[in-house]
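Reviewing the structure listed below.
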Amino acid sequence: MSRILVLGTSSGAGKTTFCAMLCRYLARRGLDPVPFKGLNLSLNSYATRDGGEIGIGQAFQAWSAGLEPETDMNPVLLKPCGGGVTQLVLNGRPSQDVSESRPMDRADALEQAARAFSRLSEKHGFVVCEGSGSPVELNIMDGDVANVGLMRRLGIPAILVGDIERGGVFAAIYGTWRLIPDDVRPLLKGFVINRFRGDASILSDGIERIEELTGMKCLGVLPYMDLRFPEEDSLSDSSGRLEGGDVRSAFMANVDELTDTAERCGLDFESIVGFAEERSSA
């Protein structure tokens, strides 16, 4: 079983769309991918066939992989309700309302995530894991579930997606690598620069410097594309929303375009597949 964790330098860096694109590529290759996000914070959710609830991003990723969405793809979902209260959905079912006075049991959440990952890995050949927000939020890292927690628990190799559209992408990539705990840093294998406008060759000096500083490999530079995907890891409930009668068809047209573009731009899929096959020594 192969597995890869896609981390982002921030929320909105492009993890969700990258994972959907990677699922699509792997499905085309016949590698039997399945999406997974251990913990999701999102107002956008999707009802599975058995009446469970997961983040909408994992539903889109499932379609990209040629699968029907299921609750194991997003075992822990947090849905902000306002007033400092958040609904905790475990394995597709409402569990409790959490707040500052009644916090989520993060150890149990990590356990639920690990069990769901195990179930998916037994049924599929390649698990495409999406991280949540940034992996180096220092104030909550000790209780992390979807990023460092998952890396420590399961030894999953990871790649990092940085959004150059926001500016400061080299600082964000290096800062993430530098701040991630020493024990899991060897699991960071490569990075992708996302949403670039222009001639990617002008980034070569910066890319080489980051590779020298971190030992990570640049896997490619993806261009800016005006795609309509949902926002996750945030309180947004409108930006990127696909509208219209057949959301699935509209989404698949977008993800096919993105996958074709990534292949034309020379995204190093082969290295990603190779990283996913590595056994952990961290």
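The values are calculated or read from the model by the stated rules, or taken from the named source; none is laboratory data. Every value quoted in this text rests on a predicted model; they were computed, and no experiment measured them. Positions of Cβ are backbone-derived with ideal geometry, glycine not excepted, and every protein chain shown enters the neighbour counts.
Every residue, every condition in (1) modelled with pLDDT of 95 or more; (2) in contact with a Cys (Cβ under 9 Å, 6 or more places away or on another chain); (3) not polar (S, T, N, Q), yes or no:
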site	(1), (2), (3)
100	no, no, yes
116	yes, no, yes
129	yes, yes, yes
149	yes, no, yes
156	yes, yes, yes
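With the structure loaded, tell me whether residue 39 is touching a Gly at 6+ places or on another chain (Cβ under 8 Å) and either in contact (Cβ under 8 Å) with a residue 24 or more places away in the chain or not small (Gly, Ala, Ser) (or both) or whether it fails that test.
no
The rows are residues; the columns are (1) closer than 17 Å to residue 187 by Cβ; (2) among the basic types (Lys, Arg); (3) assigned to a strand (DSSP E or B); (4) in contact with a helix residue (DSSP H, G or I) (Cβ under 7 Å, 6 or more places away or on another chain).
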| position | (1), (2), (3), (4) |
| --- | --- |
| 11 | no, no, no, no |
| 17 | no, no, no, yes |
| 24 | no, yes, no, yes |
| 30 | no, no, no, no |
| 35 | no, no, yes, yes |
| 46 | no, no, yes, yes |
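State the number of residues belonging to region 73-94 that are farther than 24 Å from residue 60 by Cβ and either touching a residue at least 60 places away in the same chain (Cβ under 8 Å) or assigned to a strand (DSSP E or B) (or both).
Qualifying residue count for the region: 2.
Between residues in region 160-176 that are modelled with pLDDT under 95 and residues that are in a strand (DSSP E or B), which pairs lie under 6 Å by C-beta distance while being six or more apart or on different chains?
Once the first residue is modelled with pLDDT under 95 and sits in region 160-176, its partners that are in a strand (DSSP E or B) give 165/195.
Go through region 146-171 residue by residue and tally those that are closer than 17 Å to residue 38 by Cα, small (Gly, Ala, Ser) and assigned to a helix (DSSP H, G or I).
Residues meeting the conditions: 1.
Among the residues of region 116-143, how many are in a helix (DSSP H, G or I) and among the aliphatic types (A, V, I, L, M)?
Qualifying residue count, region 116-143: 3.
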